[in-house]
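The values are calculated or read from the model by the stated rules, or taken from the named source; none is laboratory data. Since we're looking at a predicted model, the values are computed, not measured. FYI the Cβ positions are ideal-geometry reconstructions off the backbone, even for glycines, and counts take in every protein chain you see. With ligands, DNA and RNA removed, areas are computed over all heavy atoms of the protein, side chains included. Shrake-Rupley method; radii C 1.70, N 1.55, O 1.52, S 1.80 Å.
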Amino acid sequence: MSDWGPIFVSLVLFVLLSPGLLFQVPGHHRCIEFGNLKTSGASIFIHSLLYFGLVCVFLLAVKVHLHLG
């Protein structure tokens, strides 16, 4: 049986933390902007750090597992 938990968690976090999709930190005019679909180098860096931190928490600390089959 294969463990689909890490793949599912990584995919969902990648989509949700794409800069500008739901929110952007830092924004162009404010600290946090919602749904503007624009990005910058700083926001890509911040969102990649958030992604790395949340993936580590979910996969190493919480140990999310999803077995299909």
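List of remarks:
- Residue that is nearest to Val12 (Cα to Cα), among those in the range 39-67 that are open to solvent by less than 60 Å² (accessible area, probe 1.4 Å) and in a loop (DSSP other than H, G, I, E, B): Val64
- Residues being open to solvent by less than 40 Å² (accessible area, probe 1.4 Å) and within 12 Å of the chain's Cα centre (by Cα) - total across the range 1-19: 5
- Taken over the range 26-38, the criterion of being open to solvent by 70 Å² or more (accessible area, probe 1.4 Å) and either among the basic types (Lys, Arg) or closer than 22 Å to Val12 by Cβ (or both) is satisfied by Arg30, Ile32, Phe34, Leu37, Lys38.
- Within the range 23-36, the presence of a residue that is part of a helix (DSSP H, G or I), over 15 Å from the mean Cα position of the chain (by Cα) and at pLDDT 90 or above is excluded.
- Listed by first and then second residue, the pairs with beta-carbon distance under 8 Å, at least 6 apart or on different chains, first residue in the range 34-61 and over 15 Å from Leu16 (Cα atoms) and of a type in the set (A, V, I, L, M), second assigned to a loop (DSSP other than H, G, I, E, B) and open to solvent by less than 80 Å² (accessible area, probe 1.4 Å), are Ala42/Pro26.
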